[in-house]
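The values are calculated or read from the model by the stated rules, or taken from the named source; none is laboratory data. What you see is a predicted model; the values in this text were computed from it and never measured. Every residue, glycine as well, gets a Cβ built from its backbone with ideal geometry; the counts of neighbours run over all protein chains shown. These area figures cover heavy atoms from the full protein model, side chains too; ligands, DNA and RNA do not enter into them. Shrake-Rupley method; radii C 1.70, N 1.55, O 1.52, S 1.80 Å.
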Amino acid sequence: MADVVRTGERVESWPAGRAVVVAGMLVLAGSALMLLNLSRLAPGGLSWSVFLAPDPENIDELVAHYSVLPRFVVALAAGAGLGLSGTILQQVLRNPLAEPATLGLFSGSRAALVVTMLWLPEMLGAGIAPVAMAGAVGVLGFVLLLARRHDFSPLFVILSGLVLSLCLEAFSSMMILAHFEELGSLLVWQAGSLEQSTWRPATVLCLVTLATLVLASLLGRLLTILGLDSDMTRSLGLSPGLARGLALAVAVGPPAFVAAQVGIVGFIGLAGAALAGSLGARRVTDRLVVAPLLAAGLLVVTDQGLLALVPGLSIPAGAVTALLGAPLLIWLVRRMRTGQVGRVDRHPIEIRLGHIVPAGRWLLLVAALAAAVIALALCVGRIPEGWQVATGKTFGDLLPLRLPRLVAAMGAGIMLGIAGSQMQRLTGNAMASPELLGVSSGAVLMLIPAAVFLPALGRSAMMAIAAVGAFAFLAVALRIGRRSAYAPDRMLLTGLALTALAGSLMAVAVYFGDRRITQILAWMSGSTYSVRPQEVAGIAVIAVSGICAVPLVGRWLEVLPLGDPVARAVGVPIERARLAVMAMAAGLTGAATLIVGPLSFVGLMAPHIVRMSGLRGAAVQTVGAGLLGGVLLVFADWLGRILAFPWQVPAGHIATVLGGLYFIWLAVRR
């Protein structure tokens, strides 16, 4: 059960009452900051009537009543709703990394607004809230439809939501790049600005959060039972699919309404639930109270703190919540012992589809596919006059231009596919990806200030700075994880906090429209544009070395997901094995990140697609994920060259859409 600490593990935790005290202190700090901002608004003082009946002739009282106060209430209600939603999702999906964004709700809202603003602008007459809500509900419906075929399995709910989220994010990013003038205003909404001019959003969010809390309280026993596996749930007389679907329907209300009313507020839902567990709230009923309070406190302190620090400058709170929450989460993770983070299923992640494909046949098929894709990438392209098949001298002239991009795409795909498979098997977590080691985030965090404060950077300088940041943050993550023998749950949460911190800084930089950030944005999109011929040999050597090293850790990848007792019983040196696998995954991720940027999809989804295709066995799956990742990226890079000729679409976006569609096809077909 999720609420019971397993026998034999020493867990140091604070009582739940102390967690409530910490949450209350955050809320009180936010309230004090709000009162400070009110006092600054009217140095002469405001009467108590400002809270209920402001003087219509006093502009300061009107601003306080219709802007500052509803903004404070919106922050409390939105934070509490997202924290409550994150707690329910983590319990129902039995995954400590689950949050509202897991189901693709925010991505659905964003994509719906992109489509409406470009092709159906007349539908915005009633505002963006109905469109954003429709997008969130539509994505939720599709996720549940896919998962229904698998009895709402937590694994399939998570994967379906992640795939849809990544695909919709890629689509939205491509549209924003192509139609920036029409969609530029969307950047303000997606940053999660809490500015208000009326009490309506505050009222709506308060009612939704209160209703969700009441429903969650009524489902308290059901949520506790859902922490068990499906067989135990059935033995208690419950249908796990029906119960899980009901709980998910309750959990998605707050994030959908938050997206509709104020925009995207990320990380808060996950941070509130994670902090509640780390502060000692172990039972579901405790977390349903503490997590909303913590999330509300984090959001209101962030928002009111920004108003107090930079008065007159409106910085969206949704874009910077990780600046406060991520360091706090890292500090708490560092203090925890193994097992204190939350439940992660310790078993090999397998999707039972009723068939097994022989490894030799599968690898031959992928090799044939790779040969065809390589031929396409090297020989077929577009020129101003139309399509061209390069042969003879033309082929020789184009080879120095196309070969470096092909090798970069293939090498990066292999590295990320291998690293992703290793991370998922090591942690037993379907949401684990190479980025959660903190390597990619470290590179981004180092590049942002360099791009803003240093002169224009060339590719060599960017790679050097990114390398320093990547491996510096990896060292920090490993140092934090050393105390717990590199326990996967702690490593995942640490990497996730670093990732959120990097995303927060990038969102702020983009919000202020600094043109120097565009270079980093292009790199983060997964582009092979700038790869140079002299880098080809190094890329090939690293990719081949990664494949050759897989058999060396294959036995560990088979045994470690079974749990520490089993691993010790068969003689696996747990700490050394975890460190070796993580170091290998981090090295491959760092190399791929320096080449083409952080490609989220390949490392996350290639291992799942390989398993769904029927491959079994840790080493075979890992190699297969690498080869599939390489083929997918080469094909995506070729499509990116020709789809919008003479402009080019980043390979990362194309790979996400292609891989997502293939995953959905496999899920429906099986």
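Before moving on, here are some points about what is shown:
- Computed from point charges on the beta carbon alone (+1 for Lys and Arg, -1 for Asp and Glu), the dipole magnitude for the range 528-628 about its Cα centre is near 120 Debye.
- MRE, 222 nm, helices only [DSSP H, n ≥ 4, -39500 (n - 2.57), over the chain, to nearest 500]: -23500 deg cm²/dmol
- Ordering of 274-283, 403-412, 432-441, 137-146 by packing [mean C-beta count within 10 Å, highest first]: 432-441, 403-412, 274-283, 137-146
- The length gained by stretching the chain between residue 142 and residue 32 to full extension, at 0.36 nm per residue less their Cα-Cα distance, is 35.3 nm.
- What separates the Cα centres of the range 233-262 and the range 408-457 is a distance of 32 Å.
- The stretch between residue 385 and residue 42 holds 116.8 nm of extra length on full extension. This uses 0.36 nm per residue minus the Cα-Cα distance.
- Counting only alpha carbon atoms, the long axis of helix 268-278 and the longest principal axis of the chain meet at about 90°.
- Shown are 331, 48, whose ranking by accessible area with a 1.4 Å probe and every protein chain present, most to least, is 48, 331.
- Stretching residue 195 away from residue 210 to a fully extended chain increases their span by 3.2 nm, per 0.36 nm per residue minus the current alpha-carbon distance.
- Between the beta carbons of residue 232 and residue 558, assuming R0 = 25 Å, the FRET efficiency works out to 0.45 to the nearest 0.05.
- Per residue convex hull volume, Cα atoms of the range 154-268, in Å³: 117 Å³
- In range of the label at residue 25: residues from the range 302-329 whose backbone nitrogen is under 17 Å from the point 7 Å along Cα→Cβ: 302, 324-329
- Acute angle (nearest 10 degrees) that the helix 240-251 long axis makes with the longest principal axis of the chain, alpha-carbon atoms: 60 degrees
- Between the C-alpha center of the range 75-151 and that of the range 610-670 there is a gap of 25 Å.
- Model label points for residue 549 and residue 574, set 7 angstrom from Cα along the Cα-to-Cβ axis, are 2.4 nm apart.
- Spin-label model distance (nm) - residue 541 vs residue 239, 7 Å beyond Cα toward Cβ: 6.0 nm
- The tail of the calculated P(r) for the chain, taken as Cα-Cα distances beyond 38 Å, holds 33 percent of the pairs.
- Accessible-area composition of the chain, carbon plus sulfur, in percent [1.4 Å probe]: 68 percent
- Degrees separating the helix 600-612 axis from the principal Cα axis of the chain, which is the longest one: 70 degrees
- Count Lys and Arg as plus one, Asp and Glu as minus one, and take only other residues whose Cβ is under 15 Å from that of residue 302; the net charge is then -1.
- In the context of the full set of protein chains, residues of the chain present 39 Å² of accessible surface per residue (probe radius 1.4 Å, heavy atoms only).
- Around residue 655: net Lys/Arg minus Asp/Glu count, Cβ-Cβ under 13 Å: -2
- Cut-off 12 Å between beta-carbons: net charge of the residues surrounding residue 20, Lys and Arg +1, Asp and Glu -1: +1
- For the chain, a simple Cβ point-charge model (Lys and Arg +1, Asp and Glu -1, everything else neutral) yields a dipole of about 2040 debye relative to the Cα centre.
- Residue among 615, 560, 628 farthest towards the positive dipole end of the range 530-670, charges placed on Cβ: 615
- Long-range HN-HN contacts of residue 380 with modeled amide H, under 5 Å: 390
- Estimated FRET transfer efficiency when R0 is 41 angstrom, pair residue 616-residue 395 (beta carbons, to 0.05): 0.50
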